[in-house]
Amino acid sequence: MNKKYIYMGIPILLSILFSLLLTTESFQSTEYSVYDLLLHIKPEVTEDKDLLLVNIDDLSITNINMYPISRDIFADGLMLMKELGAAYAVLDIEFIDKSPAGLNNQYLEEQIPQHFNNVFSDISQQQQNFIQALQMKQIPLEEAGDFQAQLDDYSYQMQQELLDNVNKIARDNDEYLGKAISFFGNVICTVNMMKSEDNTTPLELKELAKEKVSLNKYFKTPFEGFTKAQEIKPAINQVLSNSLAAGSPRVNIDPDGVRRRIDLIYDYKGTYYPQLGFASLLQSMDVQEMERTPVSLILKGALLDGENRQDLEIPLDRSGKMIINWPAKNYPDSFRHISFFFLYRHDRLNSDLAYNMRLLVDNLNFLYQNGLLDSLLFDEIVDIFNLYNYIEMLKADHMDGIKDIDLEEYKFLREQYFSDMENYLSGDSESYIIDNLDYYLDFPDLPEDLYSNLLQLKEFIPTVFEASRTLVRDIQDIRVTLKKDLEGSISIIGYSGTSTTDIGVNPFEEEYMNMGLYAAVTNTILSGQFLDESPLWVAMMVTLIMSLLTAFIVSRMNHPAWGMASGIAVLVLTEAALILIFIFTGIYTPLLTPGITILLSFIGIVSMNLILSSKEKGFIRSAFAQYLSDDVINDLLDDPSKLALGGEERHMTAMFTDVKGFSSISEKLTPQNLVALLNDYLTEMSNLVMEEKGTIDKYEGDAIIAFFGAPQPFQDHATRTCRAAVRMKKAEKILNERMIAAERTPGPLLTRIGINTGDMVVGNMGTVQKMDYTMMGNAVNLSARLEGVNKQYGTWILISDSTYRETGDQFTVRMLDRVRVVGINEPVRLYELVDEAHLTPENILEGLNYFHKAMELFEAQNWSEANEMFKKTRQVIPEDAPSEIYMKRCLKFSKDPPPKDWDGVFNLTQK
């Protein structure tokens, strides 16, 4: 086949394949991840200063001591927000169920005590008057019964009046919330768009939602492409009917769980409903008309700056949703925030202040009524108290629908009230009242009970004044802060405490409170910094054109390196161009599809060019595969110069193994069975060596010679060797069970292993015609000697002290003697390798603890105590061979001690 067709066919086929993949959900999720990464390098979106998140957070829930907070508390906060300048309130709380009746706390705290005081005082006064009239014979005794009956009737009427007032304590919180929403005016509540039918919503409520919320009036031409809702779930009548508008709190989640886009409009049975954040903008911008095009939503005649009307075009993605331009911050750091707690605290402090003011009025009235206080001092606080009552009456009348109030007048009067209260409390009134009390307390003929009352008032008045000054100061501080935050704001109110589950994932944060989504939607539109997706055909054309260009350039490069460089250059330039377009325009074209296609295109073409050169490498592999490991062959392929004779010094670890009594086993098997048994054994053991990246040097009968750290160097070669050795012994046990059960061996195959770490020479040894990749050196010889030394200690795996030092505490070891082995003069501390540290049984650890204590006594030549400790080891680890050997030594040295100049090193005379 002509190379030209192959070179062109590869990019075309790849372009078709990945363009089709781009339409699948799983591949799109991968593209979304790339999109998320690019958002981190894109300039951050500007946050609109009017957006404010009012959090019902942990601080609010803890101090209010209620979750969810009652609707009357929410209503009071809403009215305070309006008073302090909030322009719009967006409720991220679905009031879809009726709430239980609540208590009118203000009425309970402010009115009920007054009613009780008035009624009981009046009845008491009537009783006193009746008794005095009898005593003064103003009422004849024969008429006393009639007067008593009248007094009883009056008392009954007062009781009924009191009961009527008590009944006013109970309050319909839903009705109260509705009145508060009416008081605020510009409130956007919820009308949820459901994905399934729900017949629990009353028809009249649906009709109210349609009347109140429908966007159909904005469209001259109906549009059939809006996302369909199967059912709607509006807020309760009291909330919906008093709200300015409503919107859907429904969110859109991409297949990978991230919230990147949002439906701005939903369609329920031909009626259009806005998204919650979008609903507030339609009101604040006073949009005149809307038009839906295939790629955008146009808001016509919108007041973007509050003065001039203009059209605003919102780009929509391929599914008709607006892509949200999220702030690149976590929830607390994005947009402005206040805690609902400060609204609640303001009202609680104000209630406490009103209570203190009422106490002052009552006590000063006592002085005034008894002629003990000048009317000017009394009238001053009464005027403030009357102003407070008038303001409360204004608000109550408005909420009850009796009359509308001028909100500016209400705000002015509230400010005047707090200012008057502050001036009164910080003025001279307190000192005048105290001076007045001191004056009358000095009267010598003052009645005792009056003297006592005045004395108590002298202590009480400063306390009330001081407490009230603190309250006013705290209230004013809160009002200053809240005014600064709330003035002209679009406030989004919702739950953000740790107890809420209304948390989602956005491209920047794994956990982001969903009430922040409505701020992000609103901010995207207000800022005009929109994000968009290019049509799929654009991505497909970019993919095809750039991959064909790659094929054209790479196919003309003779050297593979130049071909790879050219392909990488095209890839980088294409991706960089798409990234720059996204950064400067906000339009995202899929990067993964053209990127992978270009990458695979130039890899495929370069691979074609490499086929011929690979034949040479194939020859090398086939020539040496018979006697070199794959790692060695790969090393030679990377650097053919290593085919030369010679070696290099490496710090690595050597392993020698041998099967105990294999000659006896082999004598009892036929040659064929022996070979089969040996092959199975060597295969099992060798696989464990190679799993740890070891290199098999050679096989000598049943013995395996291997090394770790060449040709591929790695730092943990000692650890890998020890791990392989431990696992070989465990695998050996399973292998023996299988072989003996199958009667393939007359006895178990028991492997002794010697391991040493040190500097060794490794490389190609032999002649040019015949060479072997092997190792040599004293460190290698010591490893071989250690394998044989196992016989003298009854152990299976011996390692040198150099190996022990490099493995640290990863393995459980038993410390043995310092010895001189045959052919090596330098003493070596021996260690038995027992197991991996985290897999060692508790009884073994306990036994080794006794053994090591015994070794300390043994090396201190305390033979009898050492012998007892070795016995303890044998009790914990029955048939422990090393302990038995040392026990025999202890008995021997007890009778025939070693020379006094003995250095503690044993000279081993057997290999």
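The values are calculated or read from the model by the stated rules, or taken from the named source; none is laboratory data. Values in this document were obtained by computation on a predicted structure and should not be read as measured data. Counting neighbours? That spans all protein chains shown, and the Cβs are built from the backbone with ideal geometry, glycine included. The protein model used for the area step is the full one, side chains on, heavy atoms only, and it has no ligands, DNA or RNA in it. Shrake-Rupley method; radii C 1.70, N 1.55, O 1.52, S 1.80 Å.
Please verify whether residue 522 is of a type in the set (S, T, N, Q) and in the same structural domain as residue 28 (by the TED database), treating the condition exactly as stated. No: the conditions fail for residue 522.
In a loop (DSSP other than H, G, I, E, B), among the acidic types (Asp, Glu), under 24 Å from residue 648 (Cβ atoms) and open to solvent by 50 Å² or more (accessible area, probe 1.4 Å), is that true of residue 826?
It is true that residue 826 is in a loop (DSSP other than H, G, I, E, B), among the acidic types (Asp, Glu), under 24 Å from residue 648 (Cβ atoms) and open to solvent by 50 Å² or more (accessible area, probe 1.4 Å).
Residues that are closer than 28 Å to residue 296 by Cβ, assigned to a helix (DSSP H, G or I) and open to solvent by less than 10 Å² (accessible area, probe 1.4 Å) within the range 575-606 comprise 582, 593, 594, listed in sequence order. When we screen 505, 472 for residues that are open to solvent by less than 50 Å² (accessible area, probe 1.4 Å), in contact with a Gly (Cβ under 6 Å, 6 or more places away or on another chain) and not charged (D, E, K, R), the only hit is 505. Please determine whether any residue of the range 221-240 is of a type in the set (Gly, Ala, Ser), touching a strand residue (DSSP E or B) at 6+ places or on another chain (Cβ under 8 Å), modelled with pLDDT under 95 and within 28 Å of residue 310 (Cβ to Cβ). Yes, the conditions are met somewhere in the range 221-240.
Scanning the range 777-795 for residues that are open to solvent by 10 Å² or more (accessible area, probe 1.4 Å), touching a strand residue (DSSP E or B) at 6+ places or on another chain (Cβ under 8 Å) and farther than 13 Å from residue 656 by Cβ turns up 777, 778, 791. Scanning the range 438-469 for residues that are over 60 Å from the mean Cα position of the chain (by Cα) and of a type in the set (Phe, Trp, Tyr) returns 439, 440, 443, 451.
The set of residues from the range 484-502 being surrounded by 16 or more Cβ atoms within 10 Å (Cβ to Cβ) and among the β-branched types (Val, Ile, Thr) comprises 490, 492, 493, 500.
All conditions but one from (1) farther than 20 Å from residue 818 by Cβ; (2) assigned to a helix (DSSP H, G or I) apply to residue 852; the one that does not is (1).
Give the residues of the range 270-310 that are of a type in the set (Lys, Arg) and either crowded, with 17+ Cβ neighbours inside 10 Å or within 39 Å of the chain's Cα centre (by Cα) (or both), sorted by residue number.
Start the filter on the range 270-310 by keeping residues that are of a type in the set (Lys, Arg), which leaves 292, 300, 309.
Listed by number, the list holds a single entry, 292.
The residue pairs whose first member lies in the range 810-832 and is closer than 15 Å to residue 782 by Cβ and not assigned by the TED database to the domain that holds residue 887, whose second member is crowded, with 17+ Cβ neighbours inside 10 Å and among the polar types (S, T, N, Q), and whose beta carbons are closer than 7 Å, counting only pairs six or more residues apart or on different chains, are 823/781; 824/781; 828/800.
All conditions but one from (1) closer than 18 Å to residue 754 by Cβ; (2) open to solvent by less than 20 Å² (accessible area, probe 1.4 Å); (3) modelled with pLDDT of 95 or more apply to residue 851; the one that does not is (1).
Among the residues of the range 808-821, count how many are among the hydrophobic types (A, V, I, L, M, F, W, C) and outside any strand (DSSP E or B). Break it down stepwise before answering.
If we filter the range 808-821 for residues that are among the hydrophobic types (A, V, I, L, M, F, W, C), which is where we start, we get 811, 813, 815-816, 819, 821.
Then keep just the ones that are outside any strand (DSSP E or B); that gives 821.
Total meeting the criteria: 1.
So is residue 481 open to solvent by 20 Å² or more (accessible area, probe 1.4 Å), among the polar types (S, T, N, Q), at pLDDT below 95 and at negative phi or not?
So residue 481 fails the test.
Within the range 1-41, being assigned to a loop (DSSP other than H, G, I, E, B) and modelled with pLDDT of 90 or more holds for 40, 41.
Are any residues in the range 773-807 among the aromatic types (Phe, Trp, Tyr) and either part of a helix (DSSP H, G or I) or touching an Asp or Glu at 6+ places or on another chain (Cβ under 7 Å) (or both), and if so, which ones? Reasoning before the result, please.
Going residue by residue through the range 773-807, those that are among the aromatic types (Phe, Trp, Tyr) are 773, 793, 796, 804.
Listed by number, the residues that qualify are 793, 804.
Against the test of being small (Gly, Ala, Ser) and either farther than 30 Å from residue 60 by Cα or crowded, with 21+ Cβ neighbours inside 10 Å (or both), the options 351, 334 yield a single qualifying residue, 334.
Take the residues in the range 749-772 that are assigned to a strand (DSSP E or B) and closer than 26 Å to residue 662 by Cβ, then tell me which one is most open to solvent (accessible area, probe 1.4 Å). Don't jump to the end; show me each part of the working.
First, the residues of the range 749-772 that are assigned to a strand (DSSP E or B): 751-766, 771-772.
Checking the rest, the ones that are also closer than 26 Å to residue 662 by Cβ come to 751-756, 772.
On the way: 751: 2, 752: 29, 753: 1, 754: 0, 755: 0, 756: 7, 772: 52 Å².
Within the range 749-772, the match that is most open to solvent (accessible area, probe 1.4 Å) is 772.
Within the range 855-881, the only residue that satisfies the criterion of being more than 28 Å from residue 901 (Cα to Cα), open to solvent by less than 70 Å² (accessible area, probe 1.4 Å) and in contact with a Phe, Trp or Tyr (Cβ under 6 Å, 6 or more places away or on another chain) is 873.
For the range 192-221, filtered to residues that are in contact (Cβ under 8 Å) with a residue 40 or more places away in the chain and open to solvent by 50 Å² or more (accessible area, probe 1.4 Å), the residue that is nearest to residue 178 (Cα to Cα) is 210.
Taking the conditions exactly as written (of a type in the set (Gly, Ala, Ser) and within 21 Å of residue 805 (Cα to Cα)), does residue 654 satisfy them or not? Break it down stepwise before answering.
Numbers: of a type in the set (Gly, Ala, Ser): yes; within 21 Å of residue 805 (Cα to Cα): yes.
Against the criterion (of a type in the set (Gly, Ala, Ser) and within 21 Å of residue 805 (Cα to Cα)), residue 654 qualifies.
Does residue 98 satisfy the condition of being within 27 Å of residue 418 (Cα to Cα), in contact (Cβ under 8 Å) with a residue 24 or more places away in the chain and not hydrophobic (A, V, I, L, M, F, W, C)? Quick ask: steps written out before the conclusion?
Values: within 27 Å of residue 418 (Cα to Cα): no; in contact (Cβ under 8 Å) with a residue 24 or more places away in the chain: yes; not hydrophobic (A, V, I, L, M, F, W, C): yes.
In short, no.
For the range 872-884, does any single residue satisfy the condition of being of a type in the set (Asp, Glu), at pLDDT below 95 and farther than 30 Å from residue 781 by Cβ? Yes, the range 872-884 has at least one match. Within the range 176-191, the set of residues being surrounded by 21 or more Cβ atoms within 10 Å (Cβ to Cβ) and either small (Gly, Ala, Ser) or part of a loop (DSSP other than H, G, I, E, B) (or both) comprises 178, 180. If you go through the range 711-735 and keep only what is surrounded by fewer than 23 Cβ atoms within 10 Å (Cβ to Cβ) and among the small types (Gly, Ala, Ser), you end up with just 731.
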